Amino acid sequence: MQIFDTIAGMGHEQLVLCQDTAAGYRGIIAVHSTTLGPALGGTRFWSYATDDEAIVDALRLARGMTYKNAVAGLNLGGGKSVIIGNNRTTDREMIFRAHGRFVESLGGRYITAEDVGTSTADMDFVHMETDYVAGLAGRSGDPSPVTAHGVFRAIQASAKHRWGSDDLTTRTITIQGCGHVGYYLAKELHAAGAKLVVTDIDADRVKRVVEEFGARAVASDEIYGVQADIFAPCALGAIINDKTLPQLKVEIVAGAANNQLLEERHGDLLEEKGLLYAPDYVANAGGVINVYSELAGWSSARAFRKADEIYDTILKVFQIAKQDGIPTYQAADRLAEQRIRAVGSMVRTWPQWPNK
């Protein structure tokens, strides 16, 4: 890999390779952009096949966080870190304390949090070495209700754009995934009067949603072909692909899952098929809003109010898509880029020193 060519091509500011032999730690910290503020992004713990694969994943995820934070209207840039290794290891303290020391070495340019393969307990170890960590136990709490509320508002905005009304009382909505976010989303949709069809690989999760919200359950591979108004993916990524797309019998795709499009061309195919797509990183921004609320000292109520703004943001995305004649996934990127350019172009007032 030509590392400098790679990071220049993806627009990154910084790539840090870290290792501590005594702790059994090998990590990568990618800082994509600090135009809007310090780069925020979680730490992923994963067994990568090669170092190049780990680097590319960190770079890709960091860039994604820049766009997610920008489009959510947060004063945060985008970053990400990955730790290479077996995330099932029980010997975690030294690994995450080593990681915390490298995060601290960046002096606040990067703030970490939990991600795939890591937990709030791991972040407590990181916190032993740095204050540049969020998502700690007992702070902002479970992000699922805020994430679900943002997705609910994205669904309402999508309905408003497609049908002229955000009233969901006559709508049938399929939910793939009844975990924490899927459960809270089902709760809000049920309260709004929607009919629910749900699936999950965990039968107990499905049973709970069926019993509490009157949902109808279907098998995992049947969810794509259900006749409905809206499909809400809240589990796996890459679920909009060549196999599933032809099965969809809905008018809107709006859910909480990350990276719903297997490839960008599947966003083009949704457009060609006449399906309205609420870009995932806009719809599920409630999670990062919840983390930001911890950093900014917001109350839970204020975090929910900020997640309410996802409604207007989704409508802006649809407006850009229509105005520029592009798919909605591209329109979301343009909205994020507009904010980054606007803030980056603001006149810097001098002197700043010594009060930086």
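Going down the table (LYS68/LYS273; LYS187/LYS306; LYS80/LYS160; LYS68/LYS322), which pairs top 31 Å between alpha carbons?
Going by Cα-Cα distance, LYS80/LYS160 fall outside the 31 Å limit.
Would you calculate the separation in nanometres between label points at GLU93 and SER105, each defined as 7 Å from the Cα along the Cα-to-beta-carbon direction?
Label at GLU93, label at SER105, 2.3 nm between them.
If amide H atoms are built 1.01 Å from N in the plane of the peptide, which residues on other chains or at least 5 residues away come under 5 Å of the amide H of LEU40?
GLY77, GLY78, GLY79, ILE111
On the accessible surface of region 98-250, probed at 1.4 Å, how many percent belong to carbon and sulfur atoms?
Roughly 49 percent, rounded to a whole number.
Give me the 1.4 Å probe accessible area per residue for region 1-118, excluding ligands and nucleic acids, in Å².
Details: 5030 Å² over 118 residues.
Heavy-atom accessible area per residue stands at 43 Å².
Please give the per residue accessible area of region 223-356, computed with a probe of 1.4 Å over protein heavy atoms only, in Å².
Working: 6750 Å² over 134 residues.
Per residue, region 223-356 has an accessible area of 50 Å².
Would you give the gap between the C-alpha center of region 141-175 and the C-alpha center of region 32-67, rounded to a whole Å?
29 Å
Which value, in debye to the nearest 20, gives the size of the charge dipole of region 1-54 about its Cα centre, when Lys and Arg are +1 and Asp and Glu are -1 at the Cβ?
180 debye
Stokes-Einstein D for region 275-329 at 4 °C, 1.567 mPa s, Kirkwood Rh over Cα pairs, in µm²/s?
Details: Rh = 12.2 Å.
Answer, rounded: 106 µm²/s.
Determine the sum of side-chain charges near THR313: Lys and Arg each +1, Asp and Glu each -1, restricted to other residues whose C-beta is under 12 angstrom from that of THR313.
That sum, taken over residues with Cβ under 12 Å, equals +2.
If each residue of separation counts as 0.36 nm, what is the full-extension length gain between ARG305 and ALA49 once their alpha-carbon separation is subtracted? List each step's numbers first, then the result.
Values: separation 256, 0.36 × 256 = 92.16 nm, distance 4.18 nm.
Taking ARG305 through ALA49 to full extension adds about 88.0 nm, to one decimal.
I want the antiparallel fraction of DSSP beta bridges within the chain, as a percent rounded to 5.
30 percent
Using a 1.4 angstrom probe on the protein heavy atoms only, line up VAL146, VAL218 by accessible area, largest first.
VAL218, VAL146
May I ask you to give the average projected area over all directions of the convex hull of the Cα atoms of region 1-160, in nm² rounded to one decimal?
Average projection, Cα convex hull of region 1-160: 10.4 nm².
Assigning unit charges at the beta carbon (Lys, Arg +1; Asp, Glu -1) and nothing else, what dipole magnitude in debye, to the nearest 20, does region 1-120 show about its Cα centre? Let's see the in-between values first.
Details: 11 positive and 12 negative charges, 53 e Å.
The dipole of region 1-120 has a size of about 260 debye.
Give me the 1.4 Å probe accessible area per residue for region 175-218, excluding ligands and nucleic acids, in Å².
The answer is 50 Å² per residue.
The values are calculated or read from the model by the stated rules, or taken from the named source; none is laboratory data. It should be emphasised that the depicted structure is a prediction, and the values quoted were computed from it without experimental measurement. Cβ sites come from the backbone with ideal geometry, for glycine too, and all protein chains shown count toward neighbours. Surface areas here come from the heavy atoms of the whole protein model, side chains and all, with no ligands, DNA or RNA. Shrake-Rupley method; radii C 1.70, N 1.55, O 1.52, S 1.80 Å.
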